[in-house]
Amino acid sequence: MWRVVFWLWVVAAIVLSVVPDDNAVMDAMKVSYNCVLEHAVYYAIGVWLCCRAWGDHITKKGRSIIFLCAGAVFALGFSLEIIQYFVPYRSCNIYDGVANLTGVTVGAMLIMIREKRK
């Protein structure tokens, strides 16, 4: 079930990244803290969903699945920012990329802390 939820999250990320944004020009000229927070939370949730979907591979020996999920979710976010550069009605924003990376990092760290407490 978690794998389906994760893939729905991926589809939602793609759709939300390419649909027209009425304020694309304004967003490119200023940093909205709400937008940055939304990106960070969304990508932290993405790492969590990925780890839930394939979490049966988390072992005490290592946390490779956490790093794999974090890398995959960050790669998705980075790719979507690059795609937005080529979409005429969207804008590629470095702050969104930093927020994505922050969310991925925080999400992975929270999962590692949780796993350590088990």
Note to self: Please determine whether any residue of the range 39-59 is at pLDDT below 95, basic (Lys, Arg) and surrounded by 14 or more Cβ atoms within 10 Å (Cβ to Cβ).
What the structure shows: yes
Item checked: Identity of the residue in the range 60-93, of a type in the set (D, E, K, R) and buried (at least 18 other Cβ atoms within 10 Å of the Cβ), that ends up modelled with the lowest pLDDT -> 63
Margin query: Being modelled with pLDDT of 80 or more, among the acidic types (Asp, Glu) and surrounded by 13 or more Cβ atoms within 10 Å (Cβ to Cβ) is the requirement here; does residue 96 meet it?
Written below: yes
Check: Which pairs do you get when a residue that is free of Cβ contacts under 8 Å to residues at least 12 places away in the same chain, found in the range 80-95, comes within reach of a residue that is of a type in the set (D, E, K, R) and surrounded by 11 or more Cβ atoms within 10 Å (Cβ to Cβ), reach meaning Cβ atoms under 8 angstrom, with the pair 6+ apart or on two chains?
Finding: 92/81
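The values are calculated or read from the model by the stated rules, or taken from the named source; none is laboratory data. All of these numbers come straight from a predicted model, not from anything done at the bench. With ideal geometry, Cβ positions are generated from the backbone for all residues, glycine too; neighbour counts draw on all protein chains shown.
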